[in-house]
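This report concerns only the one structure given below.
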Amino acid sequence: MAVTQRRGRRIMMSPAELDAFLSEQRTCRVATVSPDGMPHVSALWFVWDGTSLWLYSITRSRRWSELRRDPRIAVVVDAGEEYGELRGVELSGTAEFVGEAPRTGEPCPELEAPEQMFARKNFGLDSMPHDGRHAWLRLTPEAVASWDFRKLSAL
């Protein structure tokens with residue numbers, strides 16, 4: 001079960017707000033750990049299934065090789081332009097590799113739902129197009145912190 005945040009409780013998202021926010025957003029920032037210990041951050045599309053964040057990553061990417069070496073990961077999804085509009089979520093934990101890598105579309109029951117969600121959300125398709133260069137990562141967060149600065153005006 002994910003650890004909930006202690007600070008900023010007045011502006012944190014409720015579970016329903018968090019689900020809605022993660023369901024509507026498309027791009028996240030993924031932080032991994034380089035071999036020298038430095039963080040590496042890259043942008044990636046994702047889908048949220050209500051429990052886990054599913055990331056479709058190029059298997060020849062720096063991100064993929066860093067996660068193979070050290071599966072610790074932090075992901076930020078945020079939105080808003082003006083200060084009072086800022087909202088977001090940070091999810092962290094351990095990345096899991098799911099399905100074949102690279103993904104060619106071999107049957108994998110565990111990927112049926114995330115692939116359908118991802119294809120609809122990002123491509124407007126009913127099924128996932130596979131290019132033989134990407135594969136799936138799943139983050140079931142161990143810690144979640146969220147903020148919604150729009151709540152500041154209500155305080």
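Kindly check whether there is at least one residue in segment 59-79 that is modelled with pLDDT under 95 and of a type in the set (Phe, Trp, Tyr).
No: segment 59-79 contains no residue that is modelled with pLDDT under 95 and of a type in the set (Phe, Trp, Tyr).
Could you list, in sequence order, all residues of segment 37-49 that are part of a loop (DSSP other than H, G, I, E, B) and either of a type in the set (Phe, Trp, Tyr) or modelled with pLDDT of 95 or more (or both)? First the steps, then the outcome.
Keep residues of segment 37-49 that are part of a loop (DSSP other than H, G, I, E, B), which gives 37-38, 49.
Residue satisfying the conditions is Asp49 alone.
Report, by residue number, each residue of segment 79-111 that is of a type in the set (A, V, I, L, M, F, W, C) and either under 18 Å from Ala43 (Cα atoms) or touching a Lys or Arg at 6+ places or on another chain (Cβ under 9 Å) (or both).
First pass over segment 79-111, keeping only residues of a type in the set (A, V, I, L, M, F, W, C): 79, 86, 89, 91, 95, 97-98, 101, 108, 111.
Correct list: Ala79, Leu86, Val89, Leu91, Ala95, Phe97, Val98, Leu111.
For segment 11-24, which residues satisfy the criterion of being in contact (Cβ under 8 Å) with a residue 40 or more places away in the chain, in a loop (DSSP other than H, G, I, E, B) and surrounded by fewer than 19 Cβ atoms within 10 Å (Cβ to Cβ)?
Our first condition is that a residue be in contact (Cβ under 8 Å) with a residue 40 or more places away in the chain; within segment 11-24, this holds for 11-13, 17-18, 21-22.
In the following step, the residues that additionally are in a loop (DSSP other than H, G, I, E, B) were identified as 11-13.
Ile11, the sole residue that qualifies.
Which residue pairs have Cβ atoms closer than 7 Å, lie 6 or more positions apart in sequence or on different chains, and pair a first residue in segment 49-78 that is over 19 Å from Gly132 (Cα atoms) with a second residue that is of a type in the set (Phe, Trp, Tyr) and crowded, with 16+ Cβ neighbours inside 10 Å?
Pairs found: Leu53/Phe46.
Any idea which of (1) in a loop (DSSP other than H, G, I, E, B); (2) at pLDDT 95 or above; (3) open to solvent by less than 50 Å² (accessible area, probe 1.4 Å) is the one Gly8 doesn't satisfy?
That leaves (2) as the condition not met.
Return the pair list, or none, for Cβ contacts closer than 9 Å from residues in segment 105-116 that are under 18 Å from Asp131 (Cβ atoms) to residues that are open to solvent by 90 Å² or more (accessible area, probe 1.4 Å), at least 6 apart or on different chains.
From segment 105-116, the pairs are Gln116/Asp126.
The values are calculated or read from the model by the stated rules, or taken from the named source; none is laboratory data. In this text, all values refer to a predicted model and were calculated from it rather than measured experimentally. Virtual Cβ from ideal backbone geometry, glycine too; neighbours counted across all protein chains shown. Side chains included, ligands, DNA and RNA excluded: accessible areas come from the protein's heavy atoms. Shrake-Rupley method; radii C 1.70, N 1.55, O 1.52, S 1.80 Å.
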